[in-house]
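For reference, the structure discussed in these notes is given below.
The values are calculated or read from the model by the stated rules, or taken from the named source; none is laboratory data. What you are looking at is a predicted structure, and each value in this text was computed from that prediction instead of being measured. Cβ atoms come from the backbone with ideal geometry, glycine included; neighbour counts cover every protein chain shown. Ligands, DNA and RNA are stripped out before the accessible areas are found, and what is left, the full protein with its side chains, is counted by its heavy atoms. Shrake-Rupley method; radii C 1.70, N 1.55, O 1.52, S 1.80 Å.
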Amino acid sequence: MRILMVHNDYGRYSGEEAVVDQLIADGRKAGIYIETLRRTSKFSRDNFIGKVHGFISGMYSFSGVLMMREAIRTFQPDIVHIHNLYPFISPSALFECKKANIPVVMTVHNYRLLCPTGLFLRNGHPCEECLVKHSEMPCIKYRCEGSLIQSIGYAFRNHRSRKSGAYMKCVDYFCCLTEFQKNKLIEGGYPPEKMFVFPNYVKIQRHFDEDERDIPVSERKYVGYVGRLSEEKGYDLLLEVARRHPEIQFEYAGAFRDPTDEEQLPNVVFHGVLDQKALSEFYRNSRFVVIPSRCYEGFPIVMLESFGYGRTCIAPNHGAFPDLMQYEGHPSGLLFTPSDVDSLEEAVLDLWNDTSRIEMLQRTALEEMAHRFCKRNINKQWDVFLKKVAGGSGEIRD
C-alpha cells in the first residue's frame, strides 16, 4: 500500500505535527510505503510579504496544486491522507486527487472545516455562530483572529473552500478524533456515512521505569501545566489560581512567554519547552496536570501523555472532555466549569488535598490509556480501514 501524507506544518511544532510524525513512523514500521508532501508556515508571519503570500495561498495555492499533481504523478499513491492544507497547499489541491481518481482520507485535527479559526472560540468562550449560520461572516464581524485583516483572510479562505466544495466533493472519508467532533461535522452538513473516529495516541514506554518505583502522591512537588502559553489554552486561569494559593507550587512546561506580561509569583516556575527526557521527569514530579483550555480542543495530547505517566488531569467540562475523562463509567479526572476560575480553584484544591482520590483517578487513567487509547489497537484499526479504502472494497462501516 502506498500512501501520500499531506500536511502544512504550523509556525511552531505542535501536537498536530507530533501526531502526523507518529503516524508516518508507525506506518513505515508496519511496511506501508509512505511519501510526504509537506510545507511549513514557519516565518511566514514575520513580515508583510509573508502574510500576503499566506492570505493568497490560503484561497488558492498554485504551487500547492502543482506539488500535489507532481506527487501523484511520480508516487502514484493508493491513498492521499490529508491533515492540514493551510495556507501553502490549500484545499484547491484536493481536486488533483479527484482528477486522478485517488481516494482521499482526511484526519480532522480541529474545527476548521466549520470555523475559520478552527477553535470555536470568541472572547474566551465557545462560539458556534459560523456553524449555526453556515456563514463565515461572524468571524469578520467579531474579528475572531484579533485584527480585521486577519479575520477577513481566514473567513474568505473558508468561504472559498466551502463554496468550491473542495472537501465535500474530494474527501472520501473524514477521520475525526472524537465522537463530539464527528457530531459537529454532521451538524455542519457533512455526510454521516463519511465519518469515522480514530483517537490520538502517544508513544510512552511506561509511566515509570522498570528499575524505579513511581513517586508517591504526597512526595510529588507541584501542579503541572504542559502546552502552549496562549489565551485559548487558558494558562492564565491557572495562573490566577496560583496567585490565590501561594502555599501550592505550580510549574509550566511550554513555549516561553514575555516575563513582563504577568505578575511574577514565587510559587510559579516557567520551564519553557522541554526535551523528552526532561518532560518525562516533569510529568513524574507533578501531582496532577491541569488542562484549563477555554476552547473545545480537538484531542489533547497532553491528556494522553499525563495518563501514560499515571497522572490524572483536571479539564473543562465542555467539548469532548466529559467523554474522554472517564472509562467504563468511572472518572479518570476532574471536570470544572469552563473559563471559571473559582470552579478551577475548587477542583485544584480538592485534588491537591486528597491523595487517595488522586490514586483512584490515576488508576482509572492508566486503565483507560492501556485499553481505550492503546496504540497497538488503534494502529490495527487504521490498518484495516486503510486497506479497505485502498482496495475499494465498497461500503466501509465505522
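Details
- Residues that are among the small types (Gly, Ala, Ser) and in a loop (DSSP other than H, G, I, E, B) were ranked within the range 57-116; the one that is nearest to Cys295 (Cα to Cα) is Ser90.
- Pairs with Cβ under 6 Å, 6+ apart, first in the range 62-78 and over 11 Å from Leu4 (Cβ atoms), second open to solvent by less than 60 Å² (accessible area, probe 1.4 Å) and in a helix (DSSP H, G or I): Gly64/Ala93; Val65/Ser92; Val65/Ala93; Arg69/Glu96
- Cβ pairs under 6 Å, 6+ apart, first in the range 277-298 and closer than 21 Å to His109 by Cβ and of a type in the set (S, T, N, Q), second open to solvent by less than 20 Å² (accessible area, probe 1.4 Å) and in a loop (DSSP other than H, G, I, E, B): Ser293/Gly234
- Selection within the range 376-391 - of a type in the set (A, V, I, L, M) and either open to solvent by 20 Å² or more (accessible area, probe 1.4 Å) or more than 19 Å from Met303 (Cβ to Cβ) (or both): Val384, Leu386, Val389, Ala390
- Among the residues of the range 127-151, those that are open to solvent by less than 50 Å² (accessible area, probe 1.4 Å), farther than 20 Å from Gly189 by Cβ and either touching a residue at least 40 places away in the same chain (Cβ under 8 Å) or not small (Gly, Ala, Ser) (or both) comprise Ile140, Cys144, Glu145.
- Candidates are the residues of the range 182-218 that are open to solvent by 50 Å² or more (accessible area, probe 1.4 Å) and at pLDDT 95 or above; the one that is nearest to Lys99 (Cα to Cα) is Glu193.
- Of residues in the range 306-332 being of a type in the set (Gly, Ala, Ser) and either closer than 16 Å to Phe288 by Cβ or touching a residue at least 12 places away in the same chain (Cβ under 8 Å) (or both), the one surrounded by the fewest Cβ atoms within 10 Å (Cβ to Cβ): Gly310
- Filtered by the rule that a residue be open to solvent by 30 Å² or more (accessible area, probe 1.4 Å), of a type in the set (D, E, K, R) and part of a helix (DSSP H, G or I), the range 152-181 gives Arg160, Arg162, Lys163, Lys169, Glu179.
- Scope the range 344-375; condition open to solvent by 20 Å² or more (accessible area, probe 1.4 Å) and of a type in the set (A, V, I, L, M, F, W, C); matching residues: Leu349, Trp352, Met360, Leu366, Met369, Ala370
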